[in-house]
Protein chains: 2
Amino acid sequence: MIGQVKKGYVRPLDIKHGRVDMSHGGGGRAMVQLITDLFANHLGNEYLAQGNDGTCLPPCTGRMVVSTDSHVVSPLFFPGGDIGCLSVHGTVNDVAVMGATPLYLTAGFILEEGFPLESLARIVESMARAAKAAGVKLVAGDTKVVEQGKGDGVFITTTGVGFLPEGVHLSGDLARPGDAVLLSGTLGDHGVAILSKRENLSFDAPILSDTAALNGLTAAMLASGAAIRVMRDPTRGGLAATLNEIAHQSGVGIHLDEAAIPIKPEVDAACELLGLDPLNIANEGKLVAICAAEDADRLLAAMRAHPQGQAAALIGKVVEDPNCFVQMKTRFGGRRMVDWLSGEQLPRIC
Amino acid sequence: MIGQVKKGYVRPLDIKHGRVDMSHGGGGRAMVQLITDLFANHLGNEYLAQGNDGTCLPPCTGRMVVSTDSHVVSPLFFPGGDIGCLSVHGTVNDVAVMGATPLYLTAGFILEEGFPLESLARIVESMARAAKAAGVKLVAGDTKVVEQGKGDGVFITTTGVGFLPEGVHLSGDLARPGDAVLLSGTLGDHGVAILSKRENLSFDAPILSDTAALNGLTAAMLASGAAIRVMRDPTRGGLAATLNEIAHQSGVGIHLDEAAIPIKPEVDAACELLGLDPLNIANEGKLVAICAAEDADRLLAAMRAHPQGQAAALIGKVVEDPNCFVQMKTRFGGRRMVDWLSGEQLPRIC
């Protein structure tokens, strides 16, 4: 429960100097204090204020879309974002790429004993800003505390609920040979930002995570009227994993054109230095869309007209291939397989 | 994503001898393997099989109720249950005590590197059984892996979605002086079961957790037609915390009768031995209900007619009290305050 409990019988938290202790997860006054002073203060709204075990939402009609993601990113604060806004964006985007309008979020916090309350407050403020910007409301929450050494600062699991507009039906198994493959912007920014912070690397131009909510962009894309088959955000595993998934779900192959894939020069350089392939790196504010070939120009124009799709590009096409291979024409004119990795390239990227 | 990805290009897991490794959270083939062989195998259904970032649910109408809970119980396996079924029951119950019919669950897993796959399989099987018994479907999921020493085996965050029948409106702020306070069964079983396992205590009669889904019981209670104001399950913080919350939300006092509160003799004895107050101990299969006094007999009869309410009892009444105190007439005829604890009595109880 993250709800409103009457104030006046718990002392305010010392957010500046205090730390999370086991009592903050115990269901007693200390937990109420944490909830009231920190969570309700920043995230409070009419739904959280109900203060019951579950939250009643207004009457709804239509096809609901739900998605959930646990966030364990390390470090918790990284160039361009933090686990708070990331936990909002990640789940909002999973609902949005289904074509749905995200409305509600829930959040479960697992806090490690000893975590500074000031850092927790920064995270919660960041969540609140991200939720407001995305137009979603945090309607239910929960807080647990584990002993030092049994967690890692903060883990946040968010669940998103949205509704599908009439007539919208997107799915990973709807790609057909001939379809166009579009990407909304540059690849690799999030993964490189995380890694640079983790490894204490500094580049001439700072590389920021692209973490952002994509529901404005997806709404603009749907409004274009283009026959979109699939949208998906290439997070863990990067574009390579996302396209391999779609290829297998649809029973098709995909041909990419390396020269058409937008990558920032500084990200490209960092990947070279670090021995990473930008196609395997997680993104947190990009999406790939597959649409009917004849609608590609229209969809691309709609994407480029949106602030989050300015660097959108047509990067390839769907082909017939019983092996469901994803292949790429390289900048040097050759062709290579775009496989997905067996294991992890960058653990705890989101 | 816990979805269906085409089989045939990942080797099966060695569930008997294998362990979770970082690659299982990396978004690559190893993660797909874990999802396919373990999660989809036990939890699979038509919704998970969609295999997209979000899950599309059938058209719905009505007032939705959502609730979320992170589960960090230690130990993961305890007498009468485990974190798997607990993570289903906890969230199903939070939706059910709102008067709603729980339909869907999502689950976010945070796994610690090195955790035995065999234990994970037992947990997932237990979740699947619990979900089936409660009549809810797991419709979306996510898996993350953290390094050894940054987690504690398995944490599971579940989110529940349900719908309110026409005319049902329960809330913690609806208790009124004169109302009856009912409890569905014995107190303290879950907390004592956890503690006995944690401390390696053995009693003559084994004490089992009461972890169970309460949506059958709540449906029977609503069907009785009694004017129920509030239902709530006394988990963390126990009955004492739950009644203090309600008293403050409603601006009333509550008087309990200790002699009427059902407690198993072996749980009572264990509490005595361990210096615990059963009123502060978490329960995972009990609920407290507050209803109009004139409907108390009817509601009690409905509860007792249900397998999960056989030991139900009228344990007190709501009174006028500007201080919102919860007080109890003791077995010896005195009166004591039932305060809620400031910190935790038993950390990581759920």
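Could you look through the stretch B:146-160, keep only residues that are at the interface with another protein chain (Cβ under 7 Å from one of its Cβ atoms) and assigned to a strand (DSSP E or B), and pick out the one that is nearest to B:V20 (Cα to Cα)?
In the first step, residues of the stretch B:146-160 are kept if they are at the interface with another protein chain (Cβ under 7 Å from one of its Cβ atoms); the result is B:146, B:149-152, B:155, B:157, B:159.
Within this subset, residues satisfying the condition of being assigned to a strand (DSSP E or B) are B:146, B:155, B:157, B:159.
Numbers: B:V146: 10, B:F155: 14, B:T157: 18, B:T159: 24 Å.
This residue is B:V146.
For the stretch B:34-76, name all the residues that are aliphatic (A, V, I, L, M) and over 25 Å from A:Y104 (Cβ atoms). So that I can check it myself, show each step before the final result.
Our first condition is that a residue be aliphatic (A, V, I, L, M); within the stretch B:34-76, this holds for B:34-35, B:38, B:40, B:43, B:48-49, B:57, B:64-66, B:72-73, B:76.
Matches in the stretch B:34-76: B:L34, B:I35, B:L38, B:A40, B:V73, B:L76.
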A:D69 fails exactly one of the following numbered conditions: (1) farther than 20 Å from A:V32 by Cβ; (2) in a loop (DSSP other than H, G, I, E, B). What is the number of that condition?
-> (2)
Of A:I194, A:I261, A:I207, A:I246, which residue is among the aliphatic types (A, V, I, L, M) and surrounded by fewer than 24 Cβ atoms within 10 Å (Cβ to Cβ)?
-> A:I261
Kindly indicate the residue of the stretch B:216-227 that is touching a strand residue (DSSP E or B) at 6+ places or on another chain (Cβ under 7 Å) and crowded, with 24+ Cβ neighbours inside 10 Å and also farthest from the other protein chains (Cβ to nearest Cβ) among those meeting that condition.
-> B:M221
Output the residues belonging to the stretch B:253-269 that are over 22 Å from the mean Cα position of the chain (by Cα) and of a type outside the set (D, E).
-> B:G253, B:I254, B:H255, B:L256, B:A259, B:A260, B:P265, B:A269
Which condition number does A:G153 fail, the rest of (1) touching a Leu at 6+ places or on another chain (Cβ under 9 Å); (2) on the phi < 0 side of the Ramachandran plot; (3) touching a residue at least 60 places away in the same chain (Cβ under 8 Å) being met?
-> (2)
Could you tell me whether any residue of the stretch A:229-243 is modelled with pLDDT of 95 or more, over 19 Å from the mean Cα position of the chain (by Cα) and surrounded by fewer than 24 Cβ atoms within 10 Å (Cβ to Cβ)?
-> yes
Residues satisfying the stated conditions in the stretch B:106-133, i.e. out of contact with any Cys (no Cβ under 8 Å at 6 or more places or on another chain) and among the hydroxyl-bearing types (S, T, Y) = B:T106, B:S119
Test set (1) touching a strand residue (DSSP E or B) at 6+ places or on another chain (Cβ under 9 Å); (2) assigned by TED's automatic domain parsing to the domain that holds A:A220 - A:P347 fails condition number | (2)
B:R304: more than 14 Å from chain A (Cβ to nearest Cβ), without any contact (Cβ under 8 Å) to a residue 12 or more places away in the chain and touching a Lys or Arg at 6+ places or on another chain (Cβ under 7 Å), yes or no?
-> no
Which condition does A:M98 not pass, out of (1) more than 7 Å from chain B (Cβ to nearest Cβ); (2) out of contact with any helix residue (DSSP H, G or I) (no Cβ under 8 Å at 6 or more places or on another chain); (3) surrounded by 20 or more Cβ atoms within 10 Å (Cβ to Cβ); (4) over 28 Å from B:M22 (Cβ atoms), if it passes all the others?
-> (1)
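Filter the stretch B:163-192 for residues that are more than 23 Å from the chain's Cα centre (by Cα) and assigned to a loop (DSSP other than H, G, I, E, B) and give the result.
To start, the set of residues in the stretch B:163-192 that are more than 23 Å from the chain's Cα centre (by Cα) comprises B:166-167, B:176-180.
Listed by number, the residues that qualify are B:E166, B:G167, B:R176, B:P177, B:G178, B:D179.
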Working carefully through the options B:P79, B:P59, B:P75, find the one that is within 9 Å of chain A (Cβ to nearest Cβ) and within 29 Å of the chain's Cα centre (by Cα).
-> B:P59
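Criterion first (modelled with pLDDT under 95, among the aliphatic types (A, V, I, L, M) and crowded, with 24+ Cβ neighbours inside 10 Å) does A:L34 satisfy it? Give the derivation first.
Details: modelled with pLDDT under 95: yes; among the aliphatic types (A, V, I, L, M): yes; crowded, with 24+ Cβ neighbours inside 10 Å: yes.
For A:L34, the condition - modelled with pLDDT under 95, among the aliphatic types (A, V, I, L, M) and crowded, with 24+ Cβ neighbours inside 10 Å - is met.
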List every residue pair whose Cβ atoms sit under 7 Å apart, with the two residues 6 or more apart in sequence or on different chains, where the first one lies in the stretch A:235-256 and is within 16 Å of A:V97 (Cβ to Cβ) and the second, anywhere, is of a type in the set (F, W, Y).
-> A:G237/A:W340; A:A241/A:W340
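Considering only the stretch A:135-143, I want to know if a residue exists there that is in contact with a Pro (Cβ under 7 Å, 6 or more places away or on another chain), under 19 Å from A:H42 (Cα atoms), part of a loop (DSSP other than H, G, I, E, B) and not hydroxyl-bearing (S, T, Y). Steps first, please.
As a first pass, look at the stretch A:135-143 and keep what is in contact with a Pro (Cβ under 7 Å, 6 or more places away or on another chain): A:136.
This time we only want the ones that are under 19 Å from A:H42 (Cα atoms), so: A:136.
Retained after the next criterion (residues that are part of a loop (DSSP other than H, G, I, E, B)): A:136.
Checking which are not hydroxyl-bearing (S, T, Y) leaves us with A:136.
Looking through the stretch A:135-143, at least one residue is in contact with a Pro (Cβ under 7 Å, 6 or more places away or on another chain), under 19 Å from A:H42 (Cα atoms), part of a loop (DSSP other than H, G, I, E, B) and not hydroxyl-bearing (S, T, Y).
Out of curiosity, is A:G25 within 9 Å of another protein chain (Cβ to nearest Cβ), farther than 30 Å from A:L170 by Cα and either in contact with a helix residue (DSSP H, G or I) (Cβ under 8 Å, 6 or more places away or on another chain) or modelled with pLDDT of 85 or more (or both)? Lay out the reasoning, then the answer.
Working: within 9 Å of another protein chain (Cβ to nearest Cβ): yes; farther than 30 Å from A:L170 by Cα: yes; either in contact with a helix residue (DSSP H, G or I) (Cβ under 8 Å, 6 or more places away or on another chain) or modelled with pLDDT of 85 or more (or both): yes.
Against the criterion (within 9 Å of another protein chain (Cβ to nearest Cβ), farther than 30 Å from A:L170 by Cα and either in contact with a helix residue (DSSP H, G or I) (Cβ under 8 Å, 6 or more places away or on another chain) or modelled with pLDDT of 85 or more (or both)), A:G25 qualifies.
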When A:K144 is run through (1) surrounded by fewer than 24 Cβ atoms within 10 Å (Cβ to Cβ); (2) in contact with a helix residue (DSSP H, G or I) (Cβ under 7 Å, 6 or more places away or on another chain); (3) assigned by TED's automatic domain parsing to the domain that holds A:F109, the failure sits at (1)
Within 25 Å of the chain's Cα centre (by Cα), at the interface with chain A (Cβ under 9 Å from one of its Cβ atoms), within 30 Å of B:G191 (Cβ to Cβ) and modelled with pLDDT of 95 or more: does that describe B:T68?
-> yes
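The values are calculated or read from the model by the stated rules, or taken from the named source; none is laboratory data. Here the structure is a predicted model, which is why all the values come from computation and not from measurement. Neighbour counts are summed over all protein chains in view; Cβ atoms, including those assigned to glycine, are modelled from backbone coordinates with ideal geometry.
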